[in-house]
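Some notes on the structure that comes next.
The values are calculated or read from the model by the stated rules, or taken from the named source; none is laboratory data. As the structure is a computational prediction, the values presented were derived from the model and not from experiment. We place every Cβ from the backbone using ideal geometry, glycine too, and count neighbours over all the protein chains shown. Ligands, DNA and RNA are stripped out before the accessible areas are found, and what is left, the full protein with its side chains, is counted by its heavy atoms. Shrake-Rupley method; radii C 1.70, N 1.55, O 1.52, S 1.80 Å.
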Amino acid sequence: MSRILKGILCATVAASLVGCNSAKEAKYKAGTYTAEASGHNPGVKVTAEFSESELKKVTVDASGETESIGGVAASELEKQLLDKQSADIDGVTGATETSNAVKVAFKDVLSQALINPESKEKTALKDGKYTETVASFGVTGMMTGTVTIENNEIKDIEITEEHDSETAQWFSVAQEKLIPRIIESQSIGVDSITGATTSSGAIKNLVGLAINEAGGDSSEWMQAPSKSTETKTLDGYDVIVVGLGGSGVLSYAAAAQSGASVFGIEAAGEIGGNSSSVYGPMALNSQNLKDKYNNGQDYINADDVYNTWIEYVGTDEKADVIKKAVYNSGSALDYYMDNFDFSFDGMNGLLGSFVVPEWDKEWTVYTADDNNSKWYAFGPDHTYQFKHALDKAKGMNEKNDYMLELSAKELLTDSDGNVTGVKAVAYDGTTYEIHGKSVILATGGFLGNDEMLKDVYGSTIRSIGDTVNDGTGIQMGMSVGGATYALGTLPMVHVSQVPNIIRDDSLTADQKAILSAIATTSDAKAVNENGEVLGNLDESGTANAELTVGIVFAPGFHYYNVYSQEDIDAIKNQGLSEATSKVSIFGLNQGGSVPSAGTPISDLDKIVDVALETKNAYKGTAKELAEQLNMDEATLAKSLGSDTDTFYLFECAGYSYGTVGSLDVDENMNVLTKDGKPIINLFAVGQDSEGVANKSGTAYSPWGGQAQSWTFVSGQIAGQQAAKLASQK
């Protein structure tokens with residue numbers, strides 16, 4: 001064979017080998033791909049960039065997850081995906097839902113990017129009953145349940161122990177609605193029940209653990225059921241109420257009582273919202289309560305309340321609205337007691353004013369359900385009263401109706417910009433276009449909207465309130481020209497606690513109580529978010545002495561208690577101080593008790609270690625702590641008194657019940673434009689309108705039960721005004 005022919009053959013063989021190798025290495029279709037899955041909340045997004053041979057870059061967007069858990073896990077999950085080049089990652093401890101969602105979304109991404117994607121059956125499961133325990137919303141214990149698996153199917157899910165229902169009604173909602181959907185769809189990728197997302201997530205995590213124990217892979221069971229693409233139109237309503245928390249139900253009832261046809265929209269799986277788990281409203285001289293408890297006589301000077309209120313907000317700009325809040329407080333309760341059978345117990349000073357001791361009878365308490373007399377951490381079980389009122393109102397007109405798990409998305413308008421209804425999407429994907437003569441916004445503020453919180457306050461806020469309240473109403477009002485009022489009024493913070501409540505059993509209940517006491521006591525040097533020493537007043541001007549009962553009037557209150565190594569050793573060997581031993585956490589206590597002063601705490605090292613692991617405490621020199629907490633090193637070193645010694649900073653956070661700043665409204669609850677003109681057929685109530693009785697940058701008016709009273713006052717006014725408007729059209 002000639003040398004030339006040999007060369008040609010070798011070149012041909014080499015080229016073919018290169019071609020074979022290239023074909024072999026071309027595993028992916030080069031490009032960028034995106035997929036989503038549901039974690040704690042829907043919308044965990046994974047975006048991945050592939051070359052022909054490997055994953056080059058991946059981004060996890062978990063911004064919709066709980067910021068302190070799922071949000072901070074995103075970067076670690078990105079690293080794991082890049083390292084593994086597959087969905088076979090460990091995930092992040094404490095962020096199970098987010099981790100599983102990322103696995104599912106990345107598998108979807110792979111199926112898009114692979115040239116030859118694998119078609120894989122679910123891993124076979126072993127029949128049996130599997131009992132698992134997971135952390136959930138309850139602070140005094142974990143959730144335990146048994147999952148029955150037969151023939152590679154989830155046959156039954158039974159929750160045998162839970163503590164979520166100690167706080168509110170929402171566990172039962174998740175249990176009744178979510179479990180059948182998991183079994184029907186054979187998926188833990190079903191959407192969580194809105195309003196009960198934490199309980200829902202715990203149930204899904206529990207089932208996932210059972211699948212894994214049965215020999216399966218829980219990420220294979222997270223395929224979300226398909227959604228409907230249908231659009232339905234509902235016409236001819238006089239009044240549409242967006243949100244069926246307290247103010248929404250009361251608006252619906254007043255509109256129906258006034259003769260209007262009413263349709264109600266509620267995003268959550270049950271009605272009631274925050275109003276379902278509070279003690280009760282401010283009730284100034286209700287005739288019914290006067291007759292029952294005070295021989296028909298006034299029990300408070302309403303003029304004093306009004307004058308104090310005006311002085312507190314520092315302006316009479318909204319005097320007409322504040323007059324309604326004060327002088328209609330008792331009569332609004334009477335209206336709902338007389339027409340919708342609401343019931344309240346006592347004016348005996350049990351719940352007096354926070355700020356004026358003489359107002360010892362201005363706050364009343366909901367009557368608890370006679371069937372179980374259950375009391376939640378923040379009040380008696382009285383959702384039955386709102387359900388009864390809503391059902392009674394629904395029966396007043398054959399057209400009246402309402403839907404749960406239906407989320408309002410936008411206001412419908414005509415060509416002139418006039419509001420004509422609401423577009424909403426149901427949990428199953430069905431879109432509803434609901435048309436009416438007027439709309440009442442009752443969505444409960446924006447506590448559940450991290451983006452709005454950051455825009456208004458510069459940071460997010462820990463929540464004990466309803467995070468379904470995501471600012472939808474305020475945003476809808478603004479979309480048609482509505483103005484806001486006192487949007488920067490600080491949120492309602494009622495509780496002081498560690499920022500990341502330890503819901504698993506890494507500490508005993510008593511150890512958790514000790515950690516809370518150390519973090520929240522007033523008997524320690526404290527520094528603020530900037531590393532500056534706190535004085536006698538907190539950041540909103542509220543005296544620290546008022547914080548010792550565990551009720552915080554300082555929304556946004558956030559600080560770090562400082563302990564040197566010597567301080568830690570002293571607590572370990574000599575016990576807590578008298579003041580620290582008496583710390584009590586209202587509502588979010590974890591079932592334990594703090595030892596008496598002077599009792600050595602031999603297990604303090606374990607408590608501190610867990611506090612550090614859970615980001616409830618930080619350890620280091622001034623330089624190290626400043627880097628961890630984004631503080632100025634020099635400022636912090638000055639506050640600590642040393643730039644070389646080691647310190648422990650235990651974090652204390654305020655927990656908010658809801659936001660206060662809102663849309664601007666007049667005394668008829670009509671939403672106002674920036675130039676003060678009413679949008680005639682658009683109303684706002686409850687926390688969508690509460691800013692008008694407050695002042696931006698300060699704590700909301702702290703009369704006991706004031707916010708809950710506003711649900712009655714604003715609800716009655718808006719319902720009646722909307723019905724009146726409809727009758728004139």
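Couple of notes before you dig in:
- Computed on the range 245-360, with alpha-carbon pairs under 8 angstrom and 6+ residues apart, the relative contact order is 23 percent.
- Rounded to the nearest whole Hz, the Karplus-based 3J(HN,Hα) values (6.51 cos²θ - 1.76 cosθ + 1.60, θ = phi - 60°) of the range 442-457 follow the sequence 9, 8, x, x, 9, 4, x, 10, 4, 5, 5, 4, 5, 5, 7, 10, with x at glycine and proline.
- Straightening the chain between Leu114 and Met337 buys 73.8 nm, computed as 0.36 nm per residue apart minus the Cα-Cα spacing.
- Highest to lowest packing among 313-326, 664-677, scored as the average C-beta count within 10 Å: 664-677, 313-326
- 0 to 90° range, to nearest 10: angle between helix 565-574 axis and the chain longest Cα axis: 70 degrees
- Whole-percent carbon and sulfur share, accessible surface of the chain, 1.4 Å: 46 percent
- Per residue convex hull volume, Cα atoms of the chain, in Å³: 222 Å³
- Here is how the number arises for the chain: DSSP H runs of 4 or more residues each give -39500 (n - 2.57), the sum is divided by the residue count, and the result at 222 nm is -10500 deg cm²/dmol.
- An ellipsoid equivalent to the range 115-243, defined through the eigenvalues of its Cα gyration tensor, has semi-axes of 29, 23, 12 Å when rounded to whole angstrom and sorted largest first.
- Entry for the range 642-690 at q = 0.15, 0.18, 0.22, 0.23 Å⁻¹: log10 I(q)/I(0) = -0.53, -0.64, -0.79, -0.82, Debye formula applied to identical alpha-carbon scatterers, no solvent contribution.
- Label point distance in nm, Glu52-Asn397, each placed 7 Å from Cα along Cα→Cβ: 6.7 nm
- Degrees, to the nearest 10: 509-520 long Cα axis against longest axis of the chain: 70 degrees
- Rounded to the nearest 10 degrees, the angle from helix 3-25 to the longest Cα principal axis of the chain is 20 degrees.
- Accessible area of Ile502 (1.4 Å probe, protein heavy atoms only, ligands and nucleic acids ignored): about 10 Å².
- For the range 435-501: rounded, prolate or oblate by the Cα gyration tensor [a/c cutoff 1.5]: prolate
- Peptides 137-146, 83-92 ranked from most to least packed, by the mean per-residue count of other Cβ atoms within 10 Å: 137-146, 83-92.
- Cα-projected label distance for Asp675 with Glu578, points at 7 Å along beta-carbon direction, nm: 6.5 nm
- Taking all C-alpha pairs of the range 597-650, those more than 15 Å from each other amount to 51 percent.
- Computed FRET value (nearest 0.05) for Glu184 with Lys606, which takes r as the C-beta separation and R₀ as 45 Å: 0.55
- Rg(Cα) / (2.2 N^0.38 Å) computed for the range 293-366, rounded to two decimals: 1.19
- Theoretical gain in end-to-end length, Asp88 to Glu121 [0.36 nm per residue, Cα-Cα removed]: 10.3 nm
- Global form of the range 392-442, assessed from the alpha-carbon gyration tensor, a/c cut-off 1.5: oblate
- The calculated pair-distance distribution of the range 222-266 uses every alpha carbon pair, bins of 10 angstrom beginning at 0, and gives 24, 37, 21, 15, 3 percent.
- R0 of 22 Å, Cβ-Cβ distance Glu529-Thr508: FRET efficiency to nearest 0.05: 0.10
- The residues of the chain present an accessible area of 42 Å² per residue when probed at 1.4 Å with all protein chains retained.
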